[in-house]
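What follows is a set of notes on a single structure, which appears directly below.
The values are calculated or read from the model by the stated rules, or taken from the named source; none is laboratory data. Predicted, not measured: the structure shown is a model, and the values here were computed from it. All Cβ positions, even for glycine, are placed from backbone atoms using ideal geometry, and neighbour counts span all protein chains on display.
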2 protein chains.
Amino acid sequence: MRDLDLTFSALADPTRRKILAMLLEDDMAVTDVAAPFDISLAAISKHLGILSRAGLLSQERRGRVVWCKLEPQSLRDASIWMQGFGQFEPVNLDPFEQFLASEGLIGAPGDAIDD
Amino acid sequence: MRDLDLTFSALADPTRRKILAMLLEDDMAVTDVAAPFDISLAAISKHLGILSRAGLLSQERRGRVVWCKLEPQSLRDASIWMQGFGQFEPVNLDPFEQFLASEGLIGAPGDAIDD
DNA sequence: AGGACGTTCAACCATCGGGTTAAGTGACAC
DNA sequence: GTGTCACTTAACCCGATGGTTGAACGTCCT
């Protein structure tokens, strides 16, 4: 429970949140994670390192490919911490619908379209 | 919903999380918020500004004293975002017990005692 | 009016974070 | 072995962040 610093600062970056949302659909190789972004592969590698150190994803090398897998446990810890600040009823969107919401594709009309 | 950047980066700092936990018990004046910390009042003022900009608290000037009040709505937004990554059942600790947990005073024995 | 109190602002410093490019490593293909 | 592919590391740049001190501002007291 003492990695809230790591967890929250990892989540503070929109690129990293988007990566997590991508991994929600399936495990991915580093190169494939990098594909939708306009930044260098090295930058993505750093982002993945940060997410990994925060426990938000795990990386497993298979041959020369490194597979990235979402690890929701740290998110769960952070979520528990948050729930101390109000009785937030669970929303129960299914993961894919939630992914869309995080993209701003559904939800309040004023929302921006990044993340 | 598009201030997740602000919300998460505000939450990434242990001083600020502790401030939020303090405000969970009651509204406080800036000076009183600063009291338990070893850093300058100006630094606390900056932290409060960051929390305020993130929508995590509101500040109301009454006379010469500025009252700080917890605003859980942004936490709620962030919590909703998180719940897309797993079916996290709500934990339903009451707020004070949760505050203790965030202090490391209850919970897993290996936990550190900061935040 | 003058002074003390509560808070913020301004200037500065050191460290961190996200980005770059270029070089390095390790596994597969020929 | 040579080359290519999939990454990671190293060195660097620059803007953001967390801290400081000292001055400024607005409010209350006498």
Checklist entry - In region B:1-47, what count of residues is obtained for those that are farther than 20 Å from A:Trp81 by Cα and part of a helix (DSSP H, G or I)? => result 11
Checklist outcome for this item: Matching residues in region B:64-105 (at pLDDT 85 or above, in contact with a strand residue (DSSP E or B) (Cβ under 9 Å, 6 or more places away or on another chain) and within 9 Å of chain A (Cβ to nearest Cβ)) number 1
Item to check | Which listed residue, of B:Arg61, B:Arg16, is within 14 Å of chain A (Cβ to nearest Cβ) and near DNA strand D (Cβ under 8 Å from one of its atoms) | outcome: B:Arg16
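Of all the residues that make up region A:1-10, how many are surrounded by fewer than 19 Cβ atoms within 10 Å (Cβ to Cβ) and away from DNA strand C (no atom under 12 Å from the Cβ)?
3
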Item to check | Test: B:Asp77 is in contact (Cβ under 8 Å) with a residue 60 or more places away in the chain and part of a helix (DSSP H, G or I) | outcome: yes
Checklist entry - Only one of these conditions is not met by A:Gly55: (1) more than 14 Å from every other protein chain (Cβ to nearest Cβ); (2) more than 6 Å from DNA strand D (Cβ to nearest atom); (3) not in a helix (DSSP H, G or I). Which number is it? => result (1)
Checklist entry - Of all the residues that make up region B:34-62, how many are closer than 16 Å to B:Asp13 by Cβ, among the polar types (S, T, N, Q) and surrounded by 11 or more Cβ atoms within 10 Å (Cβ to Cβ)? => result 2
Checklist entry - B:Val30 fails exactly one of the following numbered conditions: (1) in contact with a Lys or Arg (Cβ under 8 Å, 6 or more places away or on another chain); (2) aliphatic (A, V, I, L, M); (3) modelled with pLDDT of 95 or more. What is the number of that condition? => result (1)
Next on the checklist: Could you check region A:11-43 and list, in sequence order, the residues that are within 8 Å of DNA strand C (Cβ to nearest atom) and among the aliphatic types (A, V, I, L, M)?
Outcome noted: A:Ala12, A:Ile39, A:Leu41, A:Ala42, A:Ala43
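Can you confirm whether A:Arg17 is without any contact (Cβ under 8 Å) to a residue 40 or more places away in the chain and out of contact with any His (no Cβ under 8 Å at 6 or more places or on another chain)?
It is false that A:Arg17 is without any contact (Cβ under 8 Å) to a residue 40 or more places away in the chain and out of contact with any His (no Cβ under 8 Å at 6 or more places or on another chain).
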Item to check | Any pair with Cβ under 9 angstrom, 6 or more apart, that starts in region B:48-68 at a residue that is touching a residue at least 40 places away in the same chain (Cβ under 8 Å) and more than 10 Å from DNA strand C (Cβ to nearest atom) and ends at one that is hydroxyl-bearing (Ser, Thr, Tyr) and in a helix (DSSP H, G or I) | outcome: B:Ile50/B:Ser9; B:Ala54/B:Thr7; B:Ala54/B:Ser9; B:Ala54/B:Ser74; B:Gly55/B:Thr7; B:Gly55/B:Ser74; B:Leu56/B:Thr7; B:Leu56/B:Ser74
